[in-house]
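The values are calculated or read from the model by the stated rules, or taken from the named source; none is laboratory data. All of these numbers come straight from a predicted model, not from anything done at the bench. Note that we place each Cβ from the backbone using ideal geometry, even for glycine, and neighbour counts take in every protein chain shown.
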């Protein structure tokens, strides 16, 4: 089971800034282990976010994204009290969803 | 003769202009690194380790199925806030001066029944040693912004300070290095990393007040024990045992020197 994300969402004016910290190894698939064997790629492949259940953000990630990635984006029209939910899915099929309230 | 003099002046001016340019270049690259660090500070993955540490503190674990909430870090059982900035210190129950991590090993052993060997003989970033690092990260974070004030009232604490001081200046290893070779002078650096002067208070959030820290380049959370171990490795000394008296004594020396400096733990490094 994947470790939880840290999500912070702060409203300012007519938008909210969402900051997400994800816990993931993000193995690129290019590295070799001590015995010279290739370490298989293991990284987040899809990230989606929704505001009060309505999708507002989606992206596809590859092996170039760092370990324990940090993501920041703005959502138009989000107000304090709204629920922001973020989901990631990795190339091994593991997934994690966390939710935060806009403050 | 006048011609010769003139050309000499021209060269001198040329040299001055060059060194001026180099100085400006250095400043901007250090500034750029500072900006990069600032950008990273927002969203420091150390938070993930803090969350893990908090859970490890509160969750019943080990053969005795107990939490660490009764662990005495020096300010009474279960008191976490402010404990970090007063460690290492003398503990009556063990009769020893202990740093945060060696104290955690004691608590994990007495309260939870976890064999200290699992941490001491373990590997960095694995198993119970990784758990100790996460715990140290969370405990350290509870004293963020507080000033270091290590106790020196016990004779053992003063002895450890003296031992730490001698270790700091002790040269040895294949490169004939001491801690003081890198940290005994103002303005030294390795590549673009500024090296703090550790024989006096180096400033808020610098040196002893900066670890545990998350290292972006390898994605690892490093505790003070890990930091000291790697300093010795870089000096080509034999690596000290985890939580050994050598590492605790150095911790006392650095911690007492950092008196009044505010903790910025957990920080983020390149």
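Per-structure values
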quantity	calculated
Filter pass, residue A:18 being in a loop (DSSP other than H, G, I, E, B), farther than 21 Å from residue B:52 by Cα and within 14 Å of the chain's Cα centre (by Cα)	no
Single residue of the range A:1-15 satisfying the filter (more than 8 Å from every other protein chain (Cβ to nearest Cβ) and not in a strand (DSSP E or B)) that is farthest from residue A:56 (Cα to Cα)	A:1
Residue check, residue B:88 closer than 24 Å to residue B:257 by Cα and either out of contact with any helix residue (DSSP H, G or I) (no Cβ under 8 Å at 6 or more places or on another chain) or within 14 Å of another protein chain (Cβ to nearest Cβ) (or both)	no
Members of the range A:42-84 that are surrounded by 13 or more Cβ atoms within 10 Å (Cβ to Cβ), in contact (Cβ under 8 Å) with a residue 60 or more places away in the chain and outside any loop (DSSP other than H, G, I, E, B)	A:75, A:84
Hey, residue B:81 assigned by TED's automatic domain parsing to the domain that holds residue B:257, without any contact (Cβ under 8 Å) to a residue 12 or more places away in the chain, under 24 Å from residue B:257 (Cα atoms) and outside any helix (DSSP H, G or I) or not	no
Check on residue A:35, free of Cβ contacts under 8 Å to residues at least 24 places away in the same chain and in a strand (DSSP E or B)	no
